[in-house]
1. Output the 0 to 90 degree angle, nearest 10, between the alpha-carbon long axis of helix B:101-110 and the longest principal axis computed from the alpha carbons of chain B.
2. Take the alpha carbon gyration tensor of region B:26-158, find the square roots of its eigenvalues, order them as a ≥ b ≥ c, and report rounded if a/c is under 1.5; if not, report prolate when a/b exceeds b/c, else oblate.
3. What is the set of long-range amide H partners of B:Gly87 at a cut-off below 5 Å, with H atoms built 1.01 Å from backbone N?
4. Within chain C, what's the longest run with no GluC sites (Glu not before Pro) in a DSSP loop and at most 10 other beta-carbon atoms within 10 Å? Give the range, please.
5. Over all residues in B:60-66, what is the mean tally of Cβ atoms on other chains that come within 10 Å of each residue's Cβ?
6. Normalised by the number of residues in region A:170-318, what is the relative contact order in percent for Cα pairs under 8 Å and 6+ residues apart?
7. In degrees between 0 and 90, to the nearest 10, how far off the longest principal axis of chain B does helix B:145-157 point, with axes built from Cα atoms?
8. Which residue fluctuates most in the GNM of chain A (Cα springs below 10 Å): A:Ser326, A:Ser256, A:Ser232?
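Nothing in this text is a laboratory measurement; each read-out follows from the coordinates by a stated rule. Because the structure is predicted, anything quoted here is derived from the model rather than measured. Because the Cβ atoms are built from the backbone with ideal geometry, glycine has one as well, and the counts that use them run over all protein chains shown.
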Amino acid sequence: MSSFRAHRRLAVVIALTLILAIVLGACGGAKKKTKVVIYTAKENEEIAEYIPVAEKALPDLDLEVLRLSTGDLTARLLAEKDNPQADVIWGVAATSMLIFEKEGMLEPYAPKGVEKILPQFKSPKDPPTWVGVDAYLTAFCVNKEVAKKNNLPTPTSWKDLLDPVYKGHIVMPNPASSGTGFMFVSSVLQGLGEEEGWNYLDKLDDNIAIYTKSGSKPCKLAAAGEYGIGISFAFVAARLIKDGAPLEMVLPAEGSGYEVEANALVKGTDVPEAAKRFLDWAISDEAMALYAKYFAVVAKPGFPVPEGMPPDTPDRLFPMDFKWSSDNREAILKQWTERFAAKTEKD
Amino acid sequence: MERSKGTSSEPYLRIIGVTKTFGNLVAVDDFSLDVMEGEFICLLGPSGCGKTTLLRIIAGLEEPNTGKIYQAGREITHLPPRERDFGIVFQSYALFPNLTAAQNIAYGLQSRKLPKEQIAKRVAELLEMVGLPDVGHKYPSQLSGGQQQRIALARALATSPGLLLLDEPLSALDARVRVSLRLEIKRLQRRVGVTTIFVTHDQEEALVMADRIVVMRAGRIEQVGTPEEIYRHPATPFVADFVGVMNFLPGYAGPTPNRVRCGSLEFQCANPHDLAPDTPVVLTIRPEDIRLGVDDLSAPNTTTTRVEEIEFLGSFYRLMLRLEALGDTTRLVAEVSSNRMRDLKIEYKSTLSIHLPPSLLHVYPAEMSGIEAGA
Amino acid sequence: MTTPAISPTIPRPVVDRRIRRQRVRQRLGRDEILRRALFVLMGVWLYLFLIYPLFRLLIRSLQNKEGAFVGLANYAAYFSSATTSASLRHSLNISILSMVITVSLAFLYAYGLTRMTLPAKRFFRIVAMLPIFVPSLVQALAFIYMFGNNGLFTRIFGLNIGLYGPVGIVMSEVFYAFPHALIILMTALALADARLYEAAESLGASGLRIFFTVTLPAIKYGLMSAAFVVFTLAITDFGAPKVVGGNYDVLATDIYNKVIGQQNFEMGATISTLLLIPAMIAFILDRLVQRRQVAQITAEVKPLAPKKYHPLVQGAVLTFCILIVIFILSIYGIVIVGAFTKYWPYDLSLTLKNFKTFYVAGAQHKSGALHVLWNSIQMATGTAIFGTAIVFISAYLIEKGRRLRWVRSVLYLLSIMPLSIPGMVLGLAYVFTFNDPSSPLNRLYGTMAILVISTIFHYYTVPFLTATTALKQLDPEFEAIGESLNVPFYRTFWRVTVPMTLPAIISIAMYFFLNAMVTLSAIVFLFVPGRELASLAVMLLDDAGESAQAMAMSLLILVTGLAARGFFYLLTRGVERRTQAWTQG
């Protein structure tokens, strides 16, 4: 009986040790690194590539990244306005930055090397409240196999997408949650004028199969053959083509809407020094070279256009008015939700 | 360990005016009782009479509405169970199934921080005492019901409590074990001398074991007395009926305190009643007290009956007698030894004269029994 | 006894009202003080993490953006048009449809497994249980691979079922709820009383007549209970509608879109309250039904042996069961294939890259999928340990207490309430409570602790009832014996109660662990960077269109769940072997 009891005691000790290890592990153990919480809307595959490089450059920082789509992230940052959880905003649409600025959520900071950033990529204030790093642009992803099976011609312009032949074959991101979606809607409204623009979106809605949350998803759905055409952005198309998806990338003839992705320091961060060092890194040449692998347009001159992108990409941009987009963002989203949340009900 | 019987006349346990209600139900009603040290008390009554509730109140497992309880001169009414001094045994044994018999017995000793050897010694002693020296290593499920109850008893006695509370400990056992175990408990109690309160609904158990019996009904004491008193002189028809077998004859009080009228018969009884003439009463007599085969039919309290049923019960017979004079509904039960049965040549449907000795007849007002008078 | 019996009970004496109200109060011993302290702790715990958050949520639904009281204006806004209130209609539609389909399928399956002499019953049962081990959105994801516009089934048969929308949601809910309904129905069917059937047969009733007059009435409570459970699962589920719902909004996705997409917390709170109502009704009805069912079960029954039916019937049911099994296995098969292929459906060569590169931010640079899985395992372990301890001790104090009756019944009610609270609602209520800088509880926000606590509460009720049932089976006098021997109650708890109920405790821990591994709805509002959990990662990956990685993650969840199931099985076996000595007579 005594050996039985000894065994039991041993088992209890082992179990407790294990539990303690797991619980302590869950509490994060002892970390001496400074933790910087970064909110970003950059694509997952980008983050996967950038962060290891950043951590090598900033070995004493522990970079915790929260990635959400632009709309979700914007909403979350606004909601946390009084109790900010983030230290740094990285690669979030300039349109959103303008809103944060208006709400007084940003701490002006001029990162090292900011003078080399092209003027249209940063806030006009001094020190700047936000600094852009790159721009992404609208592209249509067309699945060649699906198109062939359904006899869909390749659309080359916004106008083409209204052809009834595409009914149920087009996927686009919901502008309320996705920066890409907002960028597209915003460029349409700017290019066609508000009235004509909403008319266009009305008609386009007839052809849309679903609205997705994320901006890259329409392209990925097209790549998987779930749908024929995804309204998305350029680099995801380029990458999927490289991965072997039977996709064709189309930059619309009217010009591609684009959006600057920018960085900023969050007002009220507990770790301003560490956060600033990350922001410095985020516009360094090292970082720019990484961005340039994905983006045809970056904030510093002199980087080549990435593989798979048309070399004339910078010339095919639609001239966006970010101030207008930002000022009208809420109104546009409200209008959009009212119109198309109604139309999406299909029962 | 052995406790000498208290010499002082101060009761060991005093229960004063205890009342306990559950919502609208009154479980114990103004109950008072003194128990002397070393006494074996049986709380006897039908289920629902409040006897178990009273036991639990003594243990502190229930809080009464009113009343006071003293144990060994100290008021314990407000003490939680852990601060009282008792051992308890339940009908379900409540042995801890995951502990061996020895561990069960040692359970209360271990928390007293006694040295291991002393605990082991005491456990062995108790196992010896309950006559199970070899089962210490066994788990309860490996023991018979009777053995389990003995272990439960040993566990309750392990810490030498001043008061032993037994809540129907024998009810779950089969008849044979019950008979042997009740003698053993009684023997053990005598040896240890512990003041004991034993709750049961079995009158035979109470008669065999108790120093004093407390018959309870609907939360109240019906009668307190030695087993002989309870059996011979039941204070109420309820006690008379509940303890042993009893014949009830409905009738009316006669013109004098010693006479009772039943139908066309008139009986004399030695115990006078103080009831007004014509008050409805019941007349009681034990079956073994009825004298059979009397020659002088003209003697008082004598009449003829017809044998309606005969039950053979081994050493004796039980007869169901119909009294011609009392109409169709009343029957008397009588008991007769096998020898006497042969002598009297009693047979089915034969006629039999009987005599009800006046000294063994008791009269109660009918309202106490709930029996319709003169039926 | 042939003498007229004297009635043992006379009319009870009437005791004065004053006395009835009195009570001799025992002095508080050390045990009682400790018990009361624990009750206070329990009360605080239930208040802080259940009552107060729900209260905050309700209040929020009556406020506007600025926090001013607006009465029912938000509700009026929700119901102002058929469009804005579509989600409630949709939710009710898909839940009722899922309920009818699931209960029908599960009934037939359960009937085959309990009443018929089918081969390989064990296999049928195990396969049918698989959906318990993965989050509902995983099956939805697998359905896309199978039935999507470019799915396997769609391409092979050239038949597009129009997955995105109600079809996909109902399919996923049926698939997900199937094992839950099956367990309930199998239990109900197994409890049949053979004597009823013998009687009916001897009276010459036909098979069909027996079915309608004996079988159905006997299991009606089981059927109702299964229906409520399926309804609740379907109406509160978030994962499947999120993945295959397309533009068909249900309440759960509506809350998510309002809160995450638009940060419209007021509307989120309003819709949450609307989701709470049908869930609560289903919960209350289920409680009522179960009480009756228990009453029915306690009667003594003669078990009914499975029977051989007409070969045609036998064959049809067997075919049905086989089809279900094939369907379930093919769904998990496609998860496995999806997880290991390079580029579904264009490049089917095998790869491990979906496990290595893993695009959930915050995790990608650490150890990929395993990092997220490890987060989940930690969370699930924490939930299992703390949840089991808290729930079991609570159940013990409530069940085995002697005093404070009303306190115990209030705590009991509060403890079974969480079953009626959808995870989305709980999660959002926690956001209101803990993401408030003015609150001292704000420190919990963004920690692993809050994930663990929310998961414990999300799954509180079933373990609590399991513990209560197990404790009820112990002799109620154990505690009294301990007290009479002057042993503190916690010692008796530790030396007797815990060892005696170890199998129940293990099953509680398993329940917590498995559910924590697959939970999504409660944590979707609470996760923070670096603390992504596996099921959440599946959702984020699907959101980002990374289906292959989502499949890889799903597979890891499934494997972990099965491994955990195996672990707990061995643990139970070990405990049973150890306790053989006590249990064998």
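1. It is inclined by approximately 70 degrees.
2. prolate
3. Result for B:Gly87 returns B:Leu163, B:Leu164, B:Leu165.
4. On the way: sites that count: C:Glu66, C:Glu300.
With a cap of 10 other Cβ atoms within 10 Å, the longest stretch comes to C:301-585.
5. On the way: counts 6, 6, 4, 6, 4, 9, 8.
Shielding by partners across B:60-66 averages 6.
6. Numbers: 178 pairs, mean separation 31.2, N = 149.
So the answer I get is 21 percent.
7. 60
8. Highest fluctuation of the listed residues: A:Ser326.
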